[in-house]
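All of the numbers you see were taken from the coordinates with simple rules; none came from a lab. What you see is a predicted model; the values in this text were computed from it and never measured. With ideal geometry, Cβ positions are generated from the backbone for all residues, glycine too; neighbour counts draw on all protein chains shown.
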Amino acid sequence: MLREFRTFIAQGNVLDLAVGVVIGAAFGKITTSLVEDIINPILGLLIGGIDFSQLKLVLKEAAGTSPEVAIRYGNFLNIVIQFVLIAWVIFLIVKLANRLRLSESLAAKE
């Protein structure tokens, strides 16, 4: 059983997946920084100095020791922007990979 497990772990698919997860995590941090540090300030400036991360709908004001109850939709907007950027980059990468595969297959046929 241990030998089978070692063979399974050493297969290319598992290693590729591990590398993809690590790179994906790092890419997520880059995208978060891109959205929060570059895109949101520009969008905020264009729409009147609004900081997206501070946008919220207060349902109940803080009173005494009772905390504020609010829907923080600004953070949600940040996450949506990050998702769209990640999806766009992945789309471009897949499109490029498909184009490279097509050109390789055409070259192999000649």
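Note that segment 44-56 has calculated 3J(HN,Hα) couplings of x, 5, 5, 9, x, x, 7, 8, 3, 5, 9, 5, 7 Hz, one per residue in order, obtained from phi through the Karplus relation 6.51 cos²θ - 1.76 cosθ + 1.60 (θ = phi - 60°); glycine and proline are x. Out of every Cα-Cα pair that segment 2-109 contains, those further apart than 16 angstrom amount to 75 percent.
Divide by every residue of the chain the summed helix terms, -39500 (n - 2.57) for each DSSP H run of at least 4, and state the resulting mean residue ellipticity at 222 nm, rounded to the nearest 500 deg cm²/dmol.
Details: 4 runs with 75 residues, N = 110.
Helix-only estimate at 222 nm: -23000 deg cm²/dmol.
Counting neighbouring beta carbons within 10 Å and listing from fewest to most, the residues Ile50, Ile39 come out as Ile50, Ile39.
Please sort 83-93, 1-11 by packing, taking for each peptide the average over its residues of neighbouring beta carbons within 10 angstrom, highest first. Intermediate results must be reported in sequence, preceding the final value.
Numbers: 83-93: 12.1, 1-11: 8.4.
With the highest mean Cβ count within 10 Å placed first, the list reads 83-93, 1-11.
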